[in-house]
Amino acid sequence: MLTGALIGCGYFAENHLHAWAEVADAAIVALCDTDAERLAATAAKFGIARTYPTVAALLAAETLDFVDIATGPRTHRALVEEVAAHGGIAILCQKPIAKTMDDARAMVAAAAEAGVPFAIHENFRWQAPIRAVKAAMDEGAIGTPFFGRCSFRSAFDVYARQPYLATDARFIVEDLGIHILDIARFLFGEVESLAATVRRVNPKIRGEDVATVLMQHAGGLTSIVDCSYATALPDELFPQTLVEVDGSEGTLRLAADYRLTIHRRDGGTEVREAPPPPLAWADGPAHLIQASVLAFQRDAAAALAAGRLPETHGADNLKTFALVQAVYRSAEGPMTRLEP
Ligand code: NAD
Ligand code: 89V
């Protein structure tokens, strides 16, 4: 049994705690938050008696196999460095890994120097429908893929539960696009070059709420990642990512409500349903995300127990974070202009 502590008892941490309660080989025995009220409320709700106002107090008092950091990204570097310096404790940390590439690299280096496993809680690639797309591609169902699209378009009010999303200078690429870019890496492989545009449509927020990215992957596949929180559709699909893949032998479409259609050039068409597994603590449309939190944590616990790194270990996640940085850089520059 792995013994862990959760650092940060805010909005999303509840999903971590519900999920840890379902992971057979791991237990959260202590909580830490600098906000005394949140700490007490979370401790009472989840029946976790040992609570600490600082990470220093937590590390001084507890013997842990891992910590699970669910604070905001501005705090990640200091927390990861403090736990790494303590030694002997594996570190799981929420996305985005940090606010800057320098901080992200320093965190990966700190964990490597301390010799402790470090992974980012990147859960979207663990969604059941995304795993179903990957399985179909790996089966060779559509031959060699040459085009892909991962699309997230919504007008869901994410600001109600996460008010910082409306006030941060950077929004959709750093917070949500990071998941979709990670899905594109997971499905289509590493990216060699990209071009992007971003814009703000909602005048009430500070950062960008629309992003469109064109990417060239090693091996030749071209993909598009498009994200929007300004897209009002007749059917609100939050938080579903729709996926299209065209291959030499057929096509694959992950459409609304987890319906995956695989069509082969030879004429056969197969439909696979890939909904998230049921959860007693599911909360409306967030169910898809919540189930992927459980899937990530199950795999992370199994990896730590087996002495292997979780799939989205720090060095891997640097590649996804580099895409985020590249999107912002590209969006600042000019696109190729047509001759008048
Ligand atoms: P939040 O602001 O609601 O909660 C953060 C908590 O961390 C607060 O309770 C705060 O008091 C605590 N905290 C801050 N600094 C601390 C420190 N030094 N030590 C201990 N506690 C500290 O934020 P949130 O909405 O829960 O988001 C947390 C993280 O989860 C973010 O990185 C966000 O991007 C991520 N997130 C991920 C998903 C997903 O699907 N993967 C979804 C939502 C949020
Ligand atoms: O998953 C996330 O990181 C969330 C949301 C889906 C709202 O963008 O912040």
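The test for being in a helix (DSSP H, G or I), more than 30 Å from Leu221 (Cα to Cα), away from ligand 1 (no atom under 16 Å from the Cβ) and not aliphatic (A, V, I, L, M) does not hold for Glu82. Total residues in region 46-67 satisfying the condition of being under 29 Å from Phe171 (Cβ atoms) and either more than 10 Å from ligand 1 (Cβ to nearest atom) or of a type in the set (Phe, Trp, Tyr) (or both): the figure is 1.
Within region 234-253, one or more residues are at pLDDT 95 or above, of a type in the set (Gly, Ala, Ser), out of contact with any Asp or Glu (no Cβ under 7 Å at 6 or more places or on another chain) and surrounded by 17 or more Cβ atoms within 10 Å (Cβ to Cβ).
Residues are listed down the side, and each one gets a yes or a no for (1) polar (S, T, N, Q); (2) outside any helix (DSSP H, G or I):
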{"site": "Asp257", "(1), (2)": "no, no"}
{"site": "Arg272", "(1), (2)": "no, yes"}
{"site": "Pro277", "(1), (2)": "no, yes"}
{"site": "Ile289", "(1), (2)": "no, no"}
{"site": "Val324", "(1), (2)": "no, no"}
{"site": "Val327", "(1), (2)": "no, no"}
{"site": "Ser330", "(1), (2)": "yes, no"}
{"site": "Arg337", "(1), (2)": "no, yes"}
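If you go through region 41-79 and keep only what is part of a loop (DSSP other than H, G, I, E, B), of a type in the set (A, V, I, L, M, F, W, C) and under 15 Å from Pro117 (Cα atoms), you end up with just Leu64.
Taking Ala27 as the residue in question, decide whether it is within 16 Å of ligand 2 (Cβ to nearest atom), within 17 Å of Ala301 (Cβ to Cβ) and either small (Gly, Ala, Ser) or at pLDDT below 95 (or both). Considered against the rule, which asks whether it is within 16 Å of ligand 2 (Cβ to nearest atom), within 17 Å of Ala301 (Cβ to Cβ) and either small (Gly, Ala, Ser) or at pLDDT below 95 (or both), Ala27 comes out as no. Give me the pairs: first residue in region 285-301 and within 14 Å of Ala70 (Cβ to Cβ) and in contact (Cβ under 8 Å) with a residue 12 or more places away in the chain, second residue polar (S, T, N, Q) and in a helix (DSSP H, G or I), beta-carbon distance under 9 Å, and six or more apart or on different chains, which are they? Pairs that qualify, where the first residue is within 14 Å of Ala70 (Cβ to Cβ) and in contact (Cβ under 8 Å) with a residue 12 or more places away in the chain and the partner is polar (S, T, N, Q) and in a helix (DSSP H, G or I), are Ile289/Asn15; Gln290/Asn15; Val293/Asn15. Going through (1) in contact with an Asp or Glu (Cβ under 8 Å, 6 or more places away or on another chain); (2) assigned to a helix (DSSP H, G or I) one by one, Ala19 falls short only on (1).
Identify, please: which residue in region 85-108 is among the aliphatic types (A, V, I, L, M), within 21 Å of the chain's Cα centre (by Cα) and in a helix (DSSP H, G or I) and is, among those, farthest from Phe124 (Cα to Cα)?
Going through region 85-108, the residues among the aliphatic types (A, V, I, L, M) turn out to be 85, 89-92, 97-98, 101, 104, 106-108.
Now restrict to residues that are within 21 Å of the chain's Cα centre (by Cα): 90-92, 97-98, 101, 104, 106-108.
From what's left, in a helix (DSSP H, G or I): 101, 104, 106-108.
On the way: Met101: 21, Ala104: 20, Ala106: 24, Met107: 22, Val108: 21 Å.
Residue satisfying both the conditions and the ranking: Ala106.
Just one of the listed residues (Ala70, Ala43) is at pLDDT 95 or above, more than 8 Å from ligand 1 (Cβ to nearest atom), in contact with a Leu (Cβ under 9 Å, 6 or more places away or on another chain) and not charged (D, E, K, R), and it is Ala43. Out of everything in region 280-304 that is surrounded by 15 or more Cβ atoms within 10 Å (Cβ to Cβ) and more than 16 Å from ligand 2 (Cβ to nearest atom), what residue ends up being nearest to Gly140 (Cα to Cα)? Among those residues, the one meeting the criterion is Asp299. Looking only at residues in region 106-123 that are in contact with a Ser or Thr (Cβ under 6 Å, 6 or more places away or on another chain) and closer than 17 Å to Leu288 by Cα, the one that is surrounded by the fewest Cβ atoms within 10 Å (Cβ to Cβ) is Asn123.
The values are calculated or read from the model by the stated rules, or taken from the named source; none is laboratory data. What you see is a predicted model, and the numbers here were worked out from it, not measured in a lab. Note: ideal-geometry Cβ built from the backbone for every residue, glycine included; neighbour counts use all protein chains shown.
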